[in-house]
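A short worksheet on the structure shown next.
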Amino acid sequence: MNRPAALEFDRVGKRFAFGETDVRALDDVSLAIAPGEFTAIVGRSGSGKSTLLNLAAGIDTPTSGEVRVDGRALSSLDDDALTTLRRDRVGVVYQFFHLLPGLDVRENVALPLLLGRARRADALARADALLAEVGLGPRARALPHTLSGGEMQRAAVARALVHEPALLLADEPTGNLDTRAAAQVIELLRDLGSRHGATVVMVTHSLEAAGAAARVMEMRDGRVVSDRANAGARPRA
Ligand SMILES: Nc1ncnc2c1ncn2[C@@H]1O[C@H](COP(=O)(O)OP(=O)(O)OP(=O)(O)O)[C@@H](O)[C@H]1O
Ligand SMILES: [Mg+2]
């Protein structure tokens, strides 16, 4: 049997009630992303990109259709199973980093493991290893507010990968970064994702960021209007 898609949308719709009208945030979207693929999702503001990622992460549920992660239909999972899947199989990187201000950088990175009941010493050792990979070894004991934006985002990438997720979802991970820091974060998502065997789906407004992906999907009005291989993308490490 073939390996199931890392992420599959089967005629997925998402509507939000909005006063008298309702918004069709996703309109009958079908897609399949293979294990290990690095995909960028582009499209105008309001086209449904974040909605798509939230459904993929199991943070939100579709109004119609089915989302599958590793071949498992999210609708078939109860709350506990969904929480476990999200905790063990999915990593998320946001535009605004979402590091906890009271924890130092390595504790932030270790957090997904600590929530999964790993031993504290093991979790912190693993966090140190990831921080070294993203070039933040020397800042491991710093508090997040003392980091630059690019450093915060690299810490957030380390946190998203610390539990070796199969699926790494990033929503405008470079939206708050200057060009150089953005390029570093994209390289990390690309190459670290590949080294750790993660499938990466990245929403971006940046053409440069999309240019690094092997596949680019464009959304408009809740639909995927183009889906193409990116011949110009360098192969991943
Ligand atoms: N919780 C919600 N309640 C009502 N409408 C929503 C909600 N979330 C999203 N929408 C609507 O769904 C549509 C898609 O929103 P979404 O956030 O997915 O867009 P996006 O492509 O991520 O945009 P941006 O690039 O601005 O982040 C928009 O019209 C938005 O207003
Ligand atoms: Mg968005």
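The values are calculated or read from the model by the stated rules, or taken from the named source; none is laboratory data. These numbers were taken from a predicted model, which means no experiment stands behind them. Every residue, glycine among them, receives a Cβ derived from its backbone with ideal geometry; neighbour counts consider all protein chains shown.
Does L99 count as hydrophobic (A, V, I, L, M, F, W, C) and crowded, with 18+ Cβ neighbours inside 10 Å? Before you say what the answer is, go through the steps one by one.
Numbers: hydrophobic (A, V, I, L, M, F, W, C): yes; crowded, with 18+ Cβ neighbours inside 10 Å: yes.
Taking the combined requirement at face value, the residue satisfies it.
Restricting the first residue to the range 150-178 and requiring it to be within 17 Å of S206 (Cβ to Cβ), which pairs with a second residue that is of a type in the set (D, E, K, R) and part of a loop (DSSP other than H, G, I, E, B) meet a Cβ separation below 8 Å and a spacing of at least six or different chains?
Close Cβ pairs satisfying both conditions: G150/D178.
May I ask you to verify whether L55 is crowded, with 16+ Cβ neighbours inside 10 Å and either under 13 Å from the mean Cα position of the chain (by Cα) or of a type in the set (F, W, Y) (or both)? Working first, answer last.
Numbers: crowded, with 16+ Cβ neighbours inside 10 Å: yes; either under 13 Å from the mean Cα position of the chain (by Cα) or of a type in the set (F, W, Y) (or both): yes.
Considered against the rule, which asks whether it is crowded, with 16+ Cβ neighbours inside 10 Å and either under 13 Å from the mean Cα position of the chain (by Cα) or of a type in the set (F, W, Y) (or both), L55 comes out as yes.
I'd like to check which helices (runs of 4 or more DSSP H) are fully inside the range 129-237 and have at least 2 residues that are within 16 Å of ligand 1 (Cβ to nearest atom). Can you show your working first?
Values: elements: 149-161, 179-195, 207-211.
Qualifying helices (runs of 4 or more DSSP H): 207-211.
For R159, indicate whether it is of a type in the set (K, R) and either under 17 Å from F96 (Cβ atoms) or within 16 Å of ligand 2 (Cβ to nearest atom) (or both).
yes
Residue-by-condition table, conditions (1) closer than 23 Å to P4 by Cβ; (2) modelled with pLDDT of 90 or more; (3) in contact with a Lys or Arg (Cβ under 8 Å, 6 or more places away or on another chain); (4) among the aliphatic types (A, V, I, L, M):
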site: A181; (1), (2), (3), (4): no, no, no, yes
site: V200; (1), (2), (3), (4): yes, yes, yes, yes
site: L207; (1), (2), (3), (4): no, no, no, yes
site: R236; (1), (2), (3), (4): yes, no, yes, no
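Can you confirm whether I41 is under 27 Å from H196 (Cα atoms), buried (at least 21 other Cβ atoms within 10 Å of the Cβ) and within 16 Å of ligand 2 (Cβ to nearest atom)? Show your work before the answer.
Working: under 27 Å from H196 (Cα atoms): yes; buried (at least 21 other Cβ atoms within 10 Å of the Cβ): yes; within 16 Å of ligand 2 (Cβ to nearest atom): yes.
So I41 passes the test.
If you check every pair at least six apart or on different chains, which have Cβ atoms under 7 Å apart with a residue in the range 188-202 that is at positive phi first and a residue that is not basic (K, R) second?
Partner pairs satisfying both residue conditions: G197/G36.
Scanning the range 145-185 for residues that are among the charged types (D, E, K, R) and out of contact with any Gly (no Cβ under 7 Å at 6 or more places or on another chain), which turns out surrounded by the most Cβ atoms within 10 Å (Cβ to Cβ)?
Across the range 145-185, the extreme among qualifying residues is R159.
Being modelled with pLDDT of 95 or more and surrounded by 15 or more Cβ atoms within 10 Å (Cβ to Cβ) is the filter; apply it to the range 111-124 and report the residue that is farthest from D88 (Cα to Cα).
L124
Given the conditions (1) buried (at least 18 other Cβ atoms within 10 Å of the Cβ); (2) within 12 Å of T39 (Cβ to Cβ); (3) more than 16 Å from ligand 2 (Cβ to nearest atom), which single one is not true for L188?
The one condition L188 does not meet is (2).
Of all residues in the range 45-61, which are more than 6 Å from ligand 1 (Cβ to nearest atom) and either among the hydroxyl-bearing types (S, T, Y) or in contact with a Pro (Cβ under 8 Å, 6 or more places away or on another chain) (or both)?
Going through the range 45-61, the residues more than 6 Å from ligand 1 (Cβ to nearest atom) turn out to be 52-61.
Within the range 45-61, L55, T61 meet the criteria.
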